[in-house]
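Structure first, then comments.
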Amino acid sequence: MFVIEEKVWDSDFFGFITGELRFLSDLGEFPFALNKAKQDNYRLLYWKIPADEIDTNQFAESEKIFLGDTKIVFEIPRLEIPPQKINLVKKWTIPANESLIHLGIYSGKYSRFKNDPLLPEGSFEKMYREWVLQSLNGNMGDDIYYIGDVNDPLAMITLSIKSQFAEIGLIAVKQEYQQQGFGKLLVEFAAYITFENKLNRLIVATQLSNLPAIKLYEKCGGKIIKQENIYHIWL
């Protein structure tokens, strides 16, 4: 048995029907799932498989399905004491400018939406531009914080406040300002905001290929709580 759920935002964004495929039982129904998706005019399906499901991942590989990325989710401990240099972190309070948007796009350089050559040209840049804009109106985040000047932000982070946890969406440091502790400061700031909001935990997702981000989150005490492979099935 399988389920195909339309990803409405993605469908609207790409201009073709996009969905997520989930199997509830035997993979023997894989051909039937693809036929059903084609009948319903789907063009792209995401298939998320936990990394420890070896047989299922091997099946996906045998079908030569494109592996977009391996997603890793970290849980980072709350920080009960404000980080040093917290005064460097400011809340973004004006409409997004191109400098901020450029940082947001840079944050996604390891994204599966950049890696997939079958996506329409420019999709990745357009998507991350939208992510920045939507993080300022509450649709894809609640707040954006930055270091530097509004005309030349050196680093940025988007943060969503949920009922039980906070979540980092985008985080980026300009290439020429990396290795100066700005990324660590922003993560620690988010961990402190988590504590201030009386939330249980801070989570953030990245890609297995994004070694600098993994190193950063580990340095901030992060522990991996989830790892999954995300495949793109083109129909």
Open item on the list: Viscosity 1.002 mPa s, temperature 20 °C: what is the translational diffusion coefficient of region 9-77 from Stokes-Einstein with a Kirkwood Rh over Cα pairs, rounded to a whole number of µm²/s?
Closed with: 155
Open item on the list: Which aspartates and glutamates, if any, have their Cα less than 19 Å from the Cα of residue 198, not counting same-chain residues under 8 positions apart?
Closed with: 75, 80, 142, 143, 167, 188
Task: Built amide H within the under 5 Å cut-off of residue 17, gap 5+ - done: 43
TODO: Can you spot the lysines whose alpha carbon is less than 20 Å from residue 38's alpha carbon? Ignore those fewer than 8 places along the same chain.
DONE: 7, 48, 64
- [ ] Would you work out which of 82, 24, 44 lies farthest towards the positive end of the dipole of region 1-143, given +1 charges on the beta-carbon of Lys and Arg and -1 on that of Asp and Glu, about the Cα centre?
- [x] 82
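Once every DSSP H run of n ≥ 4 in the chain is given -39500 (n - 2.57) and the sum is divided by its residues, what mean residue ellipticity at 222 nm do you get, rounded to the nearest 500 deg cm²/dmol? All intermediate terms of the calculation are to be shown ahead of the outcome.
Working: 8 runs with 77 residues, N = 235.
My calculation for the chain gives -9500 deg cm²/dmol from helical runs alone.
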Task: Relative contact order (%) - criterion: Cα under 8 Å, at least six apart; region: the chain - done: 30
Open item on the list: In whole percent, and with a 1.4 Å probe on the protein chains, what portion of the accessible area of region 93-235 is carbon and sulfur?
Closed with: 49
Task: Ordering of 156-168, 79-91 by packing [mean C-beta count within 10 Å, highest first] - done: 156-168, 79-91
- [ ] Taking the Cα centre of region 34-123 as origin, sum charge times position over the Cβ atoms of Lys and Arg (+1) and Asp and Glu (-1), and report the length of that vector in debye to the nearest 20.
- [x] 440
Open item on the list: Taking the alpha-carbon distance from residue 219 and a cut-off under 22 Å, which lysines remain once sequence neighbours fewer than 8 residues away in the same chain are dropped?
Closed with: 71, 85, 109, 174, 184
TODO: Would you mind telling me the antiparallel percentage of the DSSP bridges in region 1-143, rounded to 5?
DONE: 50
Open item on the list: Run the Debye formula on the Cα coordinates of the chain, all scatterers equal and no solvent, and tell me log10 I(q)/I(0) at q = 0.10, 0.12, 0.15 1/Å.
Closed with: -0.51, -0.73, -1.07
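The values are calculated or read from the model by the stated rules, or taken from the named source; none is laboratory data. Everything numeric in this text was worked out from a predicted model, so none of it was measured. With ideal geometry, Cβ positions are generated from the backbone for all residues, glycine too; neighbour counts draw on all protein chains shown. Protein only, heavy atoms only, side chains kept; ligands, DNA and RNA dropped before computing areas. Shrake-Rupley method; radii C 1.70, N 1.55, O 1.52, S 1.80 Å.
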